[in-house]
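The values are calculated or read from the model by the stated rules, or taken from the named source; none is laboratory data. Computed from a prediction, not measured in an experiment: that's the story for all the values here. Please note: Cβ atoms are built from the backbone with ideal geometry, for glycine as well, and neighbour counts cover all protein chains shown. These accessible areas exclude ligands, DNA and RNA; they are computed on the full protein's heavy atoms, side chains included. Shrake-Rupley method; radii C 1.70, N 1.55, O 1.52, S 1.80 Å.
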Amino acid sequence: MAFNINGFQGALAGGGARPNLFQVMVHNPVNLSQTLQSAFMIQASSIPESTLGVATQNYFGRPIKFAGNRTVADWSVTVINDEDFAIRSAMEDWSEKINGLQSNLRDTGFISAGQYKSTATVTQYGKGGDTLRSYSMRGIFPVSVGAIALDWGTNDAMETFDVTFSVDYWEAIA
């Protein structure tokens, strides 16, 4: 196939999707007000990953491969930390309700998985503001609320921290 710039440009529907046109909404079961703020403060994320396993069975010494079980990887977001620490506090509270730092116990209001697991939505937008595709993460809960780096030599940056969620499954909804 010969190089053809017009063919390449024609194959890119809408000129290609842009990785900076997205929004994430994390529905926090401990602090519902944090849900709306997350849409503005989550500066980085990803479209979720899943992997289809392979089951291997040998037959006369030859491995034959069959489709196995699907697994869903943990999912992470990077959050801008505001001076009110609203999202940071909400994520810490959610994690604390699941397993207390001092008590090593689950909060009585979050005993069952249905009480502490939640959902999140990642929406990818087109350059005209239209929704290209959305993904709904189901059965999420924070497994890691990351560190915030502090540095006297950093003047022109905002604090950020990562939150990693366990995910039961995801589905494309648009």
Kindly establish whether residue 19 is part of a loop (DSSP other than H, G, I, E, B), out of contact with any helix residue (DSSP H, G or I) (no Cβ under 9 Å at 6 or more places or on another chain), within 19 Å of residue 135 (Cα to Cα) and free of Cβ contacts under 8 Å to residues at least 12 places away in the same chain.
yes
Every pair of residues 6+ apart whose Cβ atoms lie under 6 Å, when the first sits in the stretch 45-62 and is touching a residue at least 12 places away in the same chain (Cβ under 8 Å) while the second is of a type outside the set (Gly, Ala, Ser) and loosely packed, with under 10 Cβ neighbours inside 10 Å:
53/69; 54/65; 55/66
Please indicate, with yes or no, whether at least one residue in the stretch 111-122 is open to solvent by 40 Å² or more (accessible area, probe 1.4 Å) and within 29 Å of residue 17 (Cα to Cα).
yes
Listed residues 28, 58, 104; which is outside any loop (DSSP other than H, G, I, E, B) and either more than 26 Å from the chain's Cα centre (by Cα) or modelled with pLDDT of 90 or more (or both)?
58
The stretch 28-67, residues that are touching a Gly at 6+ places or on another chain (Cβ under 7 Å) and either surrounded by 13 or more Cβ atoms within 10 Å (Cβ to Cβ) or more than 24 Å from residue 136 (Cβ to Cβ) (or both)
54, 55
Quick test of your reading of the structure: residue 39 fulfils all but one of (1) more than 26 Å from residue 96 (Cβ to Cβ); (2) of a type in the set (A, V, I, L, M); (3) part of a helix (DSSP H, G or I). Name the failing condition by number.
(1)
Taking the residues in the stretch 68-97 that are of a type in the set (Val, Ile, Thr) and either farther than 16 Å from residue 141 by Cα or in a strand (DSSP E or B) (or both) as candidates, determine which candidate is most open to solvent (accessible area, probe 1.4 Å).
71
Just checking: which of the strands (runs of 3 or more DSSP E) contained wholly in the stretch 130-174 hold 1 or more residues that are among the basic types (Lys, Arg) and modelled with pLDDT of 95 or more?
131-145
So residue 129, is it surrounded by fewer than 16 Cβ atoms within 10 Å (Cβ to Cβ) and closer than 23 Å to residue 80 by Cα
yes
